[in-house]
Amino acid sequence: MPYPPPLRTPSGPRRRSLLASAAGAALLVGCSADPDSGGGPSATARARARAAGDSRGLLERYDAVLAAHPGLAERLHPLRAQVAAHAAAFTDGAPPTTTASVSPSPAPVPAAEKDALAGLAAAERALAGRRAKELLEVPGELARLLASVAAAGATHAYLLTEAAK
């Protein structure tokens, strides 16, 4: 015996369809929303700006040492060129932001060349350490860039320490 037709035919979407589409929309919004979309720059943009500012600050230190000790030019110019390339790499492809870190004026340059080299080595080592910690908190490509630049900074610190001996 066949079942009788329903007394009234529902119009519009069914309850299951509405629930499924509402859940799907919530998932899409949750997956595509940027957690930092508060109108300001993203965490990645802030990290890039901070890294670029740090590199520019280190570049200023190299310039101060070179101005005070021109005899170190042959030894420092290749390292300085790499630091300039690092600053450019952090700003390449990213719009400049207003949250870039402002580097304080470089520390006074010691009168002795060995002390100036040791000061540069310490600055390179400290910055490499900060970048190595920060790379754990940023996504993919920026993490790789920070790791590469941190490794270069550690190498610079080693070379400067050896030169100061």
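The values are calculated or read from the model by the stated rules, or taken from the named source; none is laboratory data. All of these numbers come straight from a predicted model, not from anything done at the bench. All Cβ positions, even for glycine, are placed from backbone atoms using ideal geometry, and neighbour counts span all protein chains on display. Heads up: the accessible areas ignore ligands, DNA and RNA and are worked out on the full protein's heavy atoms, side chains in. Shrake-Rupley method; radii C 1.70, N 1.55, O 1.52, S 1.80 Å.
Could you grab me the full set of residues in segment 64-81 that are under 10 Å from Val109 (Cβ atoms) and open to solvent by 50 Å² or more (accessible area, probe 1.4 Å)?
Scanning segment 64-81 gives Ala67, Ala68.
Could you identify the single residue in Leu117, Leu142, Leu146 that is within 16 Å of Glu60 (Cα to Cα) and either in contact (Cβ under 8 Å) with a residue 24 or more places away in the chain or among the aromatic types (Phe, Trp, Tyr) (or both)?
Leu117
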